[in-house]
Amino acid sequence: MDRKQQKEKFTLQKQYVFYYSNIGVAEFLQETNAGINKGDKLLIIGPTTGVIEVIADKLIVDDKEVEFVPRGTKFTLKVPCKVRPSDKVYKMEQVNKE
């Protein structure tokens, strides 16, 4: 009987740029070719922040909601708690292993 195991792969996507505490939004710079899509699952990881899991349900670029953020683009995302300059953002992807 074949059993498929699902495993998650984490890809470094972007660096934190700025946190707007009054509205709970963080600005990031997309740094990889893969880009980020609306609905992607992200992990924000930092020494003080710890690990925050966020769903990219609303990506904002230049005051407009977008479906995809390409490389070299700054975008904002609502986050549940404060993020810091040393934090990194990882995209979680499901990998099927047989």
The set of residues whose placed amide H lies less than 5 Å from the amide H of Glu31, leaving out same-chain residues fewer than 5 positions away, is Lys14, Gln15, Gly72
For region 64-71, Karplus-derived ³J(HN,Hα) couplings (6.51, -1.76, 1.60; θ = phi - 60°; whole Hz; x for glycine and proline) come out as 10, 6, 10, 8, 9, 10, x, 4
Cα extents of region 15-92 along the principal axes, largest first, in whole Å, come to 29, 26, 20
Cα-Cα longer than 26 Å, checked against Lys41/Lys74; Lys7/Lys74; Lys7/Lys82, kept in input order, equals Lys7/Lys74; Lys7/Lys82
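Here, each number is a calculation from the coordinates, and none is a lab measurement. Worth saying up front: this structure is predicted, and the values here are computed from it rather than measured.
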